[in-house]
Amino acid sequence: IRNCFKYRQWRSDVYERDDYVCQLCGQRGDKLEVDHIKAFSVILEENSINSLESALDCDELWNINNGRTLCKECHRKTETFGRRPKKL
């Protein structure tokens, strides 16, 4: 999913909306990443996504309002970075 055109377009749209600025610390440009605010893994699980085709049809996955631009340092500090979030 992360290698498909729609994912790359989603990332680009979030970067452009945020003007290539980290939404937490204000860093501009260098070493930026796009973060799903509601975790990517949670969206996949809640929508029973098990194929690229089902992912492409999931509007929630591609909603730019669920994305934010973060620098690498701020992204690593998020609760869900690099792992699945704990279920409540």
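The values are calculated or read from the model by the stated rules, or taken from the named source; none is laboratory data. Remember, it's a predicted structure, so these values are computed and weren't measured experimentally. Positions of Cβ are generated from backbone atoms using ideal geometry, with glycine treated the same way; all protein chains shown enter the neighbour counts. Only protein heavy atoms, including side chains, enter the accessible area calculation; ligands, DNA and RNA are left aside. Shrake-Rupley method; radii C 1.70, N 1.55, O 1.52, S 1.80 Å.
Can you give me the relative contact order of the chain as a percent, contacts being Cα pairs under 8 Å and 6 or more apart? Each step should come with its number before you reach the end.
On the way: 96 pairs, mean separation 33.9, N = 88.
It rounds to 38 percent for the chain.
Bridging of K6 to aspartates and glutamates at a Cα separation below 12 Å is possible for E53, D57, D59, once same-chain residues fewer than 8 apart are set aside. Evaluating 6.51 cos²θ - 1.76 cosθ + 1.60 at θ = phi - 60° for every residue in segment 10-20, the Karplus couplings come out as 4, 4, 4, 5, 5, 4, 5, 4, 8, 6, 6 Hz, glycine and proline recorded as x. Stretching the chain fully between V42 and K72 yields a gain of 8.7 nm (0.36 nm per residue, less the alpha carbon separation).
Per residue, how much accessible surface does the chain expose to a 1.4 Å probe? Answer in Å², no decimals. Could the numbers behind the result be given before it?
Details: 5930 Å² over 88 residues.
Result: 67 Å² of accessible area for each residue.
For segment 66-80, take each phi angle, set θ = phi - 60°, evaluate the Karplus expression 6.51 cos²θ - 1.76 cosθ + 1.60, and give the result in whole Hz per residue in order, putting x for glycine and proline. After applying 6.51 cos²θ - 1.76 cosθ + 1.60, I find 9, x, 8, 8, 10, 6, 4, 5, 5, 4, 5, 7, 5, 4, 9 Hz. Extents of the chain, largest first, come to 36, 30, 19 Å (Cα atoms, principal axes, whole angstrom). Here the accessible area of the chain is 47 percent carbon and sulfur, with a 1.4 angstrom probe and all protein chains present. Checking every one of the trypsin sites (Lys or Arg not before Pro) in segment 11-75 against DSSP loop status and a limit of 11 other Cβ atoms within 10 Å picks out K31. Around the amide H of T78, modelled in the peptide plane, lies no amide H under 5 Å away from a residue 5 or more places distant or on another chain. Label-to-label distance for L56 and R17 is 2.2 nm, based on points extended 7 Å past Cα in the beta-carbon direction. In order along segment 39-48, the Karplus-derived 3J(HN,Hα) couplings, from 6.51 cos²θ - 1.76 cosθ + 1.60 at θ = phi - 60°, round to 3, 3, 5, 5, 4, 4, 5, 5, 9, 6 Hz, and Gly and Pro are given as x.
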